[in-house]
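K.L.:
Got a structure for you, questions after.
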Amino acid sequence: MGREKTIIQRDISFSQKVSLFLKGLAMGAANKVPGVSGGAISYVLGFYEQLIYSFKKINTKAFKLLINGRFKIFYNYINGQFLLLIMSGSIFSYFSISLVLDYFLQHFELYVWSWFFGMILGSVYYIAKDFGVWTKTTLIFLLIGIFLGLAISFLTPAKENDNLWFVFLCGIIGVSGMTLPGLSGSFILILLGNYVLLLVDSVNAFLQIIINILNGNFAVFSDAIKIRYLKIITVFATGSIFGLVTISHLLGYVLKHYNKIVNALIIGFIAGSLGIVWPWKKTIYVFENSQYLIDQRGNKIIENYERYFPEIISLHTLISVIFIFIGFGLILAIEYYDKKRKK
């Protein structure tokens, strides 16, 4: 019971509610950007354990409460207020903040990746500084995490696959970025070949369907292409929910029994993932039949990235380094604010 009192927040102020919603925005936007982990954002912003704990409460007991109509008890039991605010912010960001990020990635790609690189570098510092004493075991898991992060960075992506069973699996894997700090779910979807299908085309089609329904245009349901995307995003969302609950239960157990080892692995994984967000890289697009393949928005479909070292003396390099420091400084500012808030 003592653990529940420290985790669950049933009565919080308006400013705290706004803060949770904004944290959800940040996590949701991060989940959609290849190379950036929503889990790492939640870790840095200080609500990772509460997130895992809340998802873990979605269990057999919770479903019994729901079926028996005990909605208020169910809501309190799963830490509903917290989950509602975080997930609302996360979902809203898919149709707002993430679109802004898409724009900046298209027009200022180098500087955006530099900012992300600085934030993740800052995240490694933020998590590692309070780790405590390193042992032989934790150092081994740190190295394992670094190796896994680097290995994922250099994998070759697969081709797009809209088989619904595979889409369901993508939902489970894709949402892992929300629960596993350092693992970018969107980058994994690129490796699986389904990033554009699931996080661009299907999301856009779903938004168009909602807009048509709100305008009273139900003819949209006779559009075979939009119905296909509706099926895909429904199965993907189902897989994501299933993944959130199952992975959270596993993480809840290992965090309780192997906290130091898990944190060492997370630190290593986040450090290894720096290879994914290395700012100086050339984007490689899918090229077939003498032409680039494009998505519904007319953008070229990304296949992978070719990394390189920048020119030492260059205005773009200088600006990029400044953005790295800005990203790192943002994490330090968050840390400072968090310490001040707790006093």
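The values are calculated or read from the model by the stated rules, or taken from the named source; none is laboratory data. No experiment lies behind these values; they were computed from the predicted model shown. Positions of Cβ are backbone-derived with ideal geometry, glycine not excepted, and every protein chain shown enters the neighbour counts.
K.L.:
Looking at (1) without any contact (Cβ under 8 Å) to a residue 40 or more places away in the chain; (2) buried (at least 17 other Cβ atoms within 10 Å of the Cβ), which is the one condition that is false for Lys136?
P.N.:
For Lys136, the exception is condition (2).
K.L.:
Any idea how many residues of the stretch 115-173 are within 27 Å of Ser240 (Cβ to Cβ) and among the charged types (D, E, K, R)?
P.N.:
So the answer is 3.
K.L.:
Let me ask something else about it. Of these, Ile120, Ile73, which one is among the β-branched types (Val, Ile, Thr) and farther than 23 Å from Val44 by Cα?
P.N.:
Exactly one of Ile120, Ile73 is among the β-branched types (Val, Ile, Thr) and farther than 23 Å from Val44 by Cα, namely Ile73.
K.L.:
Also, quick follow-up: Among the residues of the stretch 122-181, how many are part of a loop (DSSP other than H, G, I, E, B) and not hydrophobic (A, V, I, L, M, F, W, C)?
P.N.:
12
K.L.:
Turning to a different aspect of this structure: Can you tell me which condition Phe242 does not meet? The list is (1) surrounded by 22 or more Cβ atoms within 10 Å (Cβ to Cβ); (2) of a type outside the set (Val, Ile, Thr); (3) closer than 24 Å to Glu49 by Cβ, and all the others hold.
P.N.:
Failed condition: (1).
K.L.:
Same structure again: Report whether or not Ile261 is part of a helix (DSSP H, G or I) and modelled with pLDDT of 80 or more.
P.N.:
Judged against the criteria, Ile261 is a match.
K.L.:
Kindly list the number of the only condition in (1) modelled with pLDDT under 85; (2) buried (at least 18 other Cβ atoms within 10 Å of the Cβ) that fails for Gly171.
P.N.:
(1)
K.L.:
Which count do you get for residues in the stretch 55-77 that are free of Cβ contacts under 8 Å to residues at least 60 places away in the same chain and either of a type outside the set (S, T, N, Q) or crowded, with 21+ Cβ neighbours inside 10 Å (or both)?
P.N.:
So the count comes out to 16.
K.L.:
Would you mind finding the one in Phe242, Phe218 that is modelled with pLDDT of 85 or more and of a type in the set (A, V, I, L, M, F, W, C)?
P.N.:
Phe242
K.L.:
Which ones in the stretch 157-171 are in contact (Cβ under 8 Å) with a residue 60 or more places away in the chain and more than 14 Å from Tyr195 (Cβ to Cβ)?
P.N.:
Leu164, Phe168, Leu169 - these are the residues of the stretch 157-171 that are in contact (Cβ under 8 Å) with a residue 60 or more places away in the chain and more than 14 Å from Tyr195 (Cβ to Cβ).
The rows are residues; the columns are (1) touching a helix residue (DSSP H, G or I) at 6+ places or on another chain (Cβ under 8 Å); (2) modelled with pLDDT under 75; (3) in a helix (DSSP H, G or I); (4) closer than 22 Å to Ser123 by Cα.
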position: Gly298; (1), (2), (3), (4): no, yes, no, no
position: Tyr305; (1), (2), (3), (4): no, yes, no, no
position: Glu311; (1), (2), (3), (4): yes, no, no, no
position: His316; (1), (2), (3), (4): yes, no, yes, no
position: Ser320; (1), (2), (3), (4): yes, no, yes, yes
position: Phe325; (1), (2), (3), (4): yes, no, yes, yes
position: Gly329; (1), (2), (3), (4): yes, no, yes, yes
position: Leu332; (1), (2), (3), (4): yes, no, yes, yes
position: Tyr337; (1), (2), (3), (4): no, yes, yes, yes
